[in-house]
1. Just checking, how many residues over the stretch 61-72 are away from the ligand (no atom under 16 Å from the Cβ) and hydrophobic (A, V, I, L, M, F, W, C)?
2. Check LYS128 against each of (1) within 16 Å of the ligand (Cβ to nearest atom); (2) over 16 Å from LEU39 (Cα atoms) and name the one condition it does not meet.
3. Out of GLY58, GLY35, report the one residue that is surrounded by fewer than 23 Cβ atoms within 10 Å (Cβ to Cβ) and touching a residue at least 12 places away in the same chain (Cβ under 8 Å).
4. With (1) touching a strand residue (DSSP E or B) at 6+ places or on another chain (Cβ under 7 Å); (2) surrounded by 24 or more Cβ atoms within 10 Å (Cβ to Cβ) as the list, and THR91 as the residue in question, which single condition is left unmet?
5. Looking only at residues in the stretch 73-83 that are in contact with a strand residue (DSSP E or B) (Cβ under 8 Å, 6 or more places away or on another chain) and near the ligand (Cβ under 8 Å from one of its atoms), which one is farthest from LEU38 (Cα to Cα)?
6. Quick check, is ILE51 touching a Cys at 6+ places or on another chain (Cβ under 9 Å) and more than 23 Å from GLU112 (Cβ to Cβ)?
7. Identify, from the list ASP129, ASP139, the residue that is in contact with a strand residue (DSSP E or B) (Cβ under 8 Å, 6 or more places away or on another chain), without any contact (Cβ under 8 Å) to a residue 60 or more places away in the chain and surrounded by fewer than 17 Cβ atoms within 10 Å (Cβ to Cβ).
8. Of all residues in the stretch 239-265, which are buried (at least 18 other Cβ atoms within 10 Å of the Cβ) and either among the polar types (S, T, N, Q) or closer than 29 Å to CYS168 by Cα (or both)?
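The values are calculated or read from the model by the stated rules, or taken from the named source; none is laboratory data. Computed from a predicted structure; not experimentally measured. Note: ideal-geometry Cβ built from the backbone for every residue, glycine included; neighbour counts use all protein chains shown.
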Amino acid sequence: MKPWEQYIPPHRVYGNVYFVGARCGSSHLIESDDGLILLDSGYPQTLYLVIENIRALGFDPKNIKHILHSHGHYDHLGGTRALVELYGAKTYLGEGDADYADGTRDLTWAKELGYKYEEQFTPDVLVKDGDVLNIGGIDFYFQGCPGHTEGAMNIYFYADGELGKKRCAMFGGAGMNSLTLDFLDSYSLPHTLRADFAKVLEIADKEHVDVHLGNHVWSSRHIEKLAKQQAEGGNPFIDENCWHEFIAKTKKSFESMVAKEGRLL
Ligand SMILES: [Zn+2]
């Protein structure tokens, strides 16, 4: 990776929610009554961009009080340890991924991505399916999204802005890389994660989402929406179809992988 090629100018997504991430991994910043909340910290290699982006928006990274994670892979939690060490932020992660983060199990994908996982941390709060946590005056609803990892979490909350309250959501994890039978077998993970994933796609599709915050820019067509906003104004990030289109696309990739492998379990 060439971190300097990963830069995306930071910007407001809606109301109190901002994009501060990189091309290889999204990070979103939420202003709350208890300081700043970060959704995913990204790769350690691009953390300097996240910090710089936060400053460029006029915030002080020292005020990062809470870090929520979509799942326990390197490109989503790699920057967390440094933020904990520097600013003492409190960390939240799906219970099933706790031992990915602390290094007990070698499942962060750092190795597969070409790195060594050296940023181990013990999450302060382990979240479970159905949890609603009030953090800085904002209710975060966590919906278990097992599959891509065991503890992936869909995270839903309301942002407040010029058009009133809008429901934002981040999908836990959608890549097929960690759902292949070969991958599951190589780490002795249960094949039933694939059935769980199929189920969660149906469950998540029933949710209403105004603002899809992709944990990768391609998940929510973020770059395209940003270009549209720069050219035409308005707020293309508010798009109630985006979430469902993403789920439909993910379902298609999942079904084609299963068809190629010849069996679900
Ligand atoms: Zn992942």
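1. Step one: filter the stretch 61-72 for residues away from the ligand (no atom under 16 Å from the Cβ), giving 61-67.
Retained after the next criterion (residues that are hydrophobic (A, V, I, L, M, F, W, C)): 64, 67.
Within the stretch 61-72, residues that are away from the ligand (no atom under 16 Å from the Cβ) and hydrophobic (A, V, I, L, M, F, W, C) number 2.
2. (1)
3. Numbers: GLY58 fails: touching a residue at least 12 places away in the same chain (Cβ under 8 Å).
Result of the check over GLY58, GLY35: GLY35.
4. (2)
5. ASP75
6. Working: touching a Cys at 6+ places or on another chain (Cβ under 9 Å): no; more than 23 Å from GLU112 (Cβ to Cβ): yes.
Criteria not met by ILE51.
7. Details: ASP129 fails: surrounded by fewer than 17 Cβ atoms within 10 Å (Cβ to Cβ).
After ruling out the rest, the residue left standing is ASP139.
8. Applying the first criterion (buried (at least 18 other Cβ atoms within 10 Å of the Cβ)) to the stretch 239-265 yields 242-243, 246-247, 250, 254, 258.
Selection gives CYS242, TRP243, PHE246, ILE247, THR250, PHE254.
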